[in-house]
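Read through the structure below, which is laid out as structure tokens, and then see the notes.
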Amino acid sequence: MPLTAPKSIMYHLYAKHPETIVGVRIQNAVNNYKVVGVGQNIFNKDNKAKIGAIMALYGGGGHDKAGSCKTLKPKQVVKEIIEQISVINKTHEGQQ
């Protein structure tokens, strides 16, 4: 399950919950849009998904360990992104 918190305390939550692979933030944007930000837990390097590439599927971008996108449906987008990250990581586990 992703952690959701203000940017300023994400590292504290990552340290408290090292099993967490990614953190998610949803922030207000203009015209009823929300910005969904996803970043890898810096204390848990198990994530194999390229977050920026996943965010690009939703019109956003980023790099391998973090990214963001703008959406009118943040809960749906977060659910889909977390599902994609989970599938990629489970697939990678099976290859080890």
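None of the figures in this text is laboratory data; all of them are computed from the coordinates on show. Keep in mind the model is a prediction, meaning the values are calculated, not measured. When we count neighbours, we look across all protein chains shown, and the Cβ atoms used for this are built from the backbone with ideal geometry, even at glycine.
Cross-link reach is defined here as a Cα-Cα straight distance under 21 Å, omitting same-chain residues fewer than 8 places apart; for Lys73 the lysines meeting it are Lys7, Lys34. The C-alpha atoms of the chain define a longest principal axis, and helix 74-95 lies at about 20 degrees to it. Using only side-chain charges placed at the Cβ, +1 for Lys and Arg and -1 for Asp and Glu, the dipole size of region 3-95 relative to its Cα centre rounds to 280 debye. Using a/c under 1.5 as the rounded threshold, could you call region 3-95 rounded, prolate or oblate? The axes a ≥ b ≥ c are square roots of the C-alpha gyration tensor eigenvalues, and prolate needs a/b larger than b/c, oblate otherwise. Oblate shape, in that a/c is at least 1.5 and b/c is the bigger or equal ratio.
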